[in-house]
Amino acid sequence: MINDKKILFSGMQATGNLTLGNYLGALKNWVNLSDEYECFYSVVDMHSITVRQDPATLRKRARALLTLYIAAGLDPKKNCIYYQSHVSGHAELSWILNCFTYMGELNRMTQFKDKSAKHADNINAGLFTYPVLMAADILLYQADVVPVGIDQMQHLELTRDIAIRFNNLYGDVFTVPEAYIGKVGAKIMSLQEPGKKMSKSDENPNGSIYLMDDPDTIIRKCKRAVTDSEACVAYRDEQPGVKNLIDIYSACTGKTPAEVECEFEGKGYGDFKMAVGEAVVSILKPLQDRVKELEADKAYIDSIIKENADKANYYATKTLRKVQRKVGFPDRIR
Ligand code: TYM
């Protein structure tokens, strides 16, 4: 608890162009939860280097992501918005937790399997221990709740297992976190291959709507989205392309899938896809405008980066010192 509130932690990688999936599956929920919890939202730049990055591009994207958090409606005076690499406790706790995580557990992680297949020339140790750094992120702030999309559930389960294992050995050191999965939008699929999640690393740009796509591009991508020949707007697994578009429309408008089915009863896919495109534009356009405004205010963003890194460091150090003591590291002499 901080200020009588439960604690929330989440993060996003500044790798590639963020997609509508990142927004609907994560960021949008963060904004809804931000009053109820004491929140830490990190730009997880240390995770990003598990895949080769161009340094200048990474720096630029990390700043753009931090700005996006604020543009999406997270008040940086109330929510701690910071770069993971500005808080050395993440790396320090990650090392300790590495010693409490089994190779077999990490071998089972599907994201590791996917990423090592994709980057066969660079299967580095960081890619393998990536979930341990993620556990350190969460446990460092004693988070009660972690809002994520479904694809991160396996990592969250591992985080819980590590926390429980550590607590069994040393007493109640860590809060065991719960995942928070939104009711709609927790798994947005590719517009071109609805069996695959919408992803920033997809090679086909028509499969993803990027948060910075202009309105014409968004409408065009929605119009081209893969559906089927049933010509009926129904929410069912047999129509994965249509189901995904209903999910997107629901998440953007707040309507339930059943309400969406009613709205488009007797109408064709053309009308439906156009409405989906417009609903996405109505959500993303204000976000894009706000990003541009904020980007122009360099001093403001800099001040947020400094203040919030100090705040994050304060809470991170509290947990880290406790953990260091538990495992037997010598006390610091002041
Ligand atoms: P990342 O950067 O891949 O994604 C950020 C968030 O977006 C969600 N997401 C989706 N949700 C719905 N549909 C999709 N198609 C979709 N694609 C992505 C993800 O589930 C995630 O919530 N390892 C994490 C970052 C991380 C983290 C953490 C998250 C590092 N430390 C601690 C939570 C807590 C990742 O790579 O997310």
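Return the total of residues in segment 128-144 being in contact with a helix residue (DSSP H, G or I) (Cβ under 7 Å, 6 or more places away or on another chain) and either open to solvent by 10 Å² or more (accessible area, probe 1.4 Å) or more than 25 Å from residue 164 (Cβ to Cβ) (or both).
6
A quick yes/no check of all residues on (1) without any contact (Cβ under 8 Å) to a residue 12 or more places away in the chain; (2) among the hydrophobic types (A, V, I, L, M, F, W, C):
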{"site": "207", "(1), (2)": "no, no"}
{"site": "217", "(1), (2)": "yes, no"}
{"site": "236", "(1), (2)": "yes, no"}
{"site": "242", "(1), (2)": "no, yes"}
{"site": "245", "(1), (2)": "no, yes"}
{"site": "269", "(1), (2)": "no, no"}
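Which residues, counting only those in segment 195-211, are out of contact with any Asp or Glu (no Cβ under 9 Å at 6 or more places or on another chain), away from the ligand (no atom under 11 Å from the Cβ) and in a loop (DSSP other than H, G, I, E, B)?
Of everything in segment 195-211, those that are out of contact with any Asp or Glu (no Cβ under 9 Å at 6 or more places or on another chain), away from the ligand (no atom under 11 Å from the Cβ) and in a loop (DSSP other than H, G, I, E, B) turn out to be 195, 203, 211.
How about segment 212-230: which of its residues are closer than 21 Å to residue 278 by Cβ, open to solvent by 80 Å² or more (accessible area, probe 1.4 Å) and not basic (Lys, Arg)?
212, 216
The rows are residues; the columns are (1) touching a residue at least 40 places away in the same chain (Cβ under 8 Å); (2) of a type in the set (D, E, K, R); (3) farther than 25 Å from residue 164 by Cβ.
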site	(1), (2), (3)
9	yes, no, no
22	yes, no, yes
27	yes, no, yes
32	no, no, yes
51	yes, no, yes
58	yes, no, yes
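For residue 117, are the conditions met, namely being within 15 Å of the ligand (Cβ to nearest atom), assigned to a helix (DSSP H, G or I) and either touching a residue at least 60 places away in the same chain (Cβ under 8 Å) or over 19 Å from the mean Cα position of the chain (by Cα) (or both)?
When the stated conditions are applied, residue 117 does not pass them.
Looking at segment 146-174 only, could you name the residues that are under 21 Å from the mean Cα position of the chain (by Cα), more than 10 Å from the ligand (Cβ to nearest atom) and open to solvent by 10 Å² or more (accessible area, probe 1.4 Å)?
Passing the criteria: 154, 157, 160, 161.
Select the strands (runs of 3 or more DSSP E) contained entirely in segment 1-85, then report the ones holding at least 1 residues which are in contact with a helix residue (DSSP H, G or I) (Cβ under 7 Å, 6 or more places away or on another chain), within 12 Å of the ligand (Cβ to nearest atom) and open to solvent by 10 Å² or more (accessible area, probe 1.4 Å).
It comes to 7-12.
Within the bounds of segment 184-193, is there any residue that is more than 15 Å from the ligand (Cβ to nearest atom) and surrounded by 17 or more Cβ atoms within 10 Å (Cβ to Cβ)?
no
Going by the conditions given, is residue 233 in contact with a Leu (Cβ under 9 Å, 6 or more places away or on another chain), outside any helix (DSSP H, G or I) and surrounded by 20 or more Cβ atoms within 10 Å (Cβ to Cβ)?
Considered against the rule, which asks whether it is in contact with a Leu (Cβ under 9 Å, 6 or more places away or on another chain), outside any helix (DSSP H, G or I) and surrounded by 20 or more Cβ atoms within 10 Å (Cβ to Cβ), residue 233 comes out as yes.
Examine segment 30-51 for a residue that is among the hydrophobic types (A, V, I, L, M, F, W, C) and closer than 16 Å to residue 302 by Cβ, and state whether such a residue exists.
Yes, segment 30-51 contains a residue that is among the hydrophobic types (A, V, I, L, M, F, W, C) and closer than 16 Å to residue 302 by Cβ.
Take residue 126 and decide whether it is without any contact (Cβ under 8 Å) to a residue 40 or more places away in the chain, over 23 Å from residue 7 (Cα atoms) and assigned to a helix (DSSP H, G or I).
No; evaluated as a whole, the condition is false for this residue.
From the residues in segment 212-230 that are in contact with a Leu (Cβ under 9 Å, 6 or more places away or on another chain) and assigned to a helix (DSSP H, G or I), which one is nearest to residue 268 (Cα to Cα)?
Among those residues, the one meeting the criterion is 222.
Looking at segment 141-152, I want the residues that are at negative phi and have a partner that is more than 6 Å from the ligand (Cβ to nearest atom) and open to solvent by 40 Å² or more (accessible area, probe 1.4 Å) with Cβ atoms under 6 Å, at least 6 apart or on another chain. Which pairs are those?
Within 6 Å, the pairs are 141/315; 144/6; 144/175; 145/178; 145/180; 147/180.
The values are calculated or read from the model by the stated rules, or taken from the named source; none is laboratory data. Predicted model, so just to flag it, every value in this text is computed and none were measured. A quick note on method: Cβ atoms are made from the backbone with ideal geometry, for glycine too, and the neighbour counts reach across all protein chains shown. In case anyone asks, the SASA skips ligands and DNA or RNA and just uses the protein heavy atoms, side chains included. Shrake-Rupley method; radii C 1.70, N 1.55, O 1.52, S 1.80 Å.
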